[in-house]
Amino acid sequence: MPAMFDLDNLRMIASNPLIAILMAFVGLMCAMLIITLVELLFSKIFGLEVKRLQIVGFKFERDKSGELKYEGYKVSLFSSVQAGINPKKYAEMDQEKCASIDMAFSWISISVAFLISAGISVVCVLSALKMEHILPASIVFHLGCWILIVAIIMTVMVIRSLIIFSSKDSLYAYYHRALKLLNDGVPFATLELKPVSELAFKKATNMEKATYFVLYFEYLDACEMYDRMPQAVSEAESLLKPTTTSQSEKFVCMLLTYYYSRHCIVPSKAKTYYHRVEDMWKKDNDSNTMMIKGFYELNCFGMVENAETCVRKALETIDTFPASEAERVYVRKQIAYLNRDIDNLKQSYAGKSV
């Protein structure tokens, strides 16, 4: 059979829907693997530390000792790497320098990954057109096309995020830069976050402010800056609508329940915010949620046994809590405070019974 350069043969190669679907999955796997391997390479060049790594289902995570350890295998098409500034190096640099390193790493790695993917795609398509047999030609052709399609989609998504995160006039970008540092292992105390009123982001939407409040409140709580909480809470309450609908507003209500159950105990307010997002309390059983419910049960109802149950459930899931290490440290600290308050209330009950 002659080499397949004419349109009829090209249609034959491209017209098999089953192969197109199968190669879509393989192309997704290949494109993400290329991006992951390129990011791994450039993380070393930029001096970044790999926090988590997944290679087609094989998972690795850096433990407390600093070693990247194998965590097991789970069938998956996806590959990804989370790399960031080493927390020890962060102490010697300011946030702007850290952000510029992260941005340069992201821009260069996604650009190189796209060029490699595009090159592989061109080779696949040209090779398919020269093959004599329809089946292998169709497989190689569709594989090349899907690698390019996925690479384009991933590149556009990353570039869009980079443009948003690099903005100097965006509260959303400010929030994500701080969140990235937390995920890199930087502790809360070094973030030096400011209230919205001092950041002067004039175009910030209520949703952006609500999202930022969640991080800012945890920062204040973790750093024990309790004197700054009333202002932050007042600003957050002014953002809430009569009906809570967005996810960011729901998280605000959760933290307001916590605030009025622990730092400024007002049971009526705590109950109001609790019932505004009652569905979340039923669905979410992570350590942070159970910790908040523990304070709510203890200080709004005096239910020691319920609070102890919350502590037990919170401790059971703290190691698998899907958050940064800084956030896990924060939640452990609050659980310890909850245990202390439980003991104090028990002693108080014991003293009254004597």
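Things worth noting here:
- Going by accessible surface with a 1.4 Å probe and the largest first, 345, 315 read 315, 345.
- For the chain, the longest site-free run once GluC sites (Glu not before Pro) in DSSP loop states with at most 14 other Cβ atoms within 10 Å are removed: 225-354
- Exposure ranking of 303, 291 by accessible area [1.4 Å probe, largest first]: 303, 291
- Cα long-axis angle, helix 287-301 against the chain (0 to 90 degrees, to the nearest 10): 20 degrees
- Residue 235 paired with residue 103, simple spin-label distance in nm, labels 7 Å along Cα-to-beta-carbon: 2.3 nm
- ³J(HN,Hα), Karplus 6.51/-1.76/1.60, whole Hz, each residue of the range 148-156, x for Gly, Pro: 5, 4, 5, 4, 5, 4, 4, 5, 4
- Förster radius 25 Å - calculated FRET efficiency between residue 245 and residue 197, Cβ distance, rounded to 0.05: 0.50
- Extended-chain gain in nm, criterion 0.36 nm per residue less alpha-carbon gap, residue 206 and residue 275: 22.7 nm
- For the range 136-161, the residues whose backbone nitrogen is under 15 Å from a point 7 Å from the Cα of residue 26, taken along Cα to Cβ, are 136-148.
- Extension gain, residue 226 to residue 345: 0.36 nm times the residue separation minus the Cα-Cα distance gives 40.6 nm.
- Multiplying the residue separation of residue 337 and residue 268 by 0.36 nm and removing their Cα-Cα distance gives an extension gain of 22.6 nm.
- Carbon and sulfur %, accessible surface of the chain computed with the full protein complex present, 1.4 Å: 62 percent
- Within the chain, longest stretch free of exposed trypsin sites (Lys or Arg not before Pro) [DSSP loop, at most 12 other beta carbons within 10 Å]: 204-354
- Each residue of the range 51-58 was assigned a 3J(HN,Hα) from its phi angle through the Karplus curve 6.51 cos²θ - 1.76 cosθ + 1.60 (θ = phi - 60°); the sequence is 8, 9, 9, 10, 10, 6, x, 7 Hz, with glycine and proline shown as x.
- Relative contact order [Cα under 8 Å, 6+ residues apart], the range 61-172, whole percent: 20 percent
- The chain: angle of helix 229-239 to the longest principal axis, Cα-based, in degrees nearest 10: 60 degrees
- Answer label for Rg/Rh (Cα atoms, Kirkwood Rh) (calculated), chosen among (i) 1.09; (ii) 1.30; (iii) 0.99: (i)
- Size estimate for the range 176-284 follows the Kirkwood approach: the inverse of mean 1/r over distinct Cα pairs works out to 14.5 Å.
- Label zone (residue 309, point 7 Å along Cα-to-C-beta; backbone nitrogen cut-off 16 Å) within the range 240-282: 281-282.
- For the chain, the mean residue ellipticity at 222 nm estimated from helices alone is -22500 deg cm²/dmol, where every DSSP H run of n ≥ 4 contributes -39500 (n - 2.57) and the total is divided by all residues, rounded to the nearest 500.
The values are calculated or read from the model by the stated rules, or taken from the named source; none is laboratory data. Predicted model, so just to flag it, every value in this text is computed and none were measured. Quick reminder, even Gly has a Cβ in these numbers, built from the backbone with ideal geometry, and neighbours come from all protein chains shown. Calculation scope for accessible area: heavy atoms of the full protein, side chains included, ligands and nucleic acids excluded. Shrake-Rupley method; radii C 1.70, N 1.55, O 1.52, S 1.80 Å.
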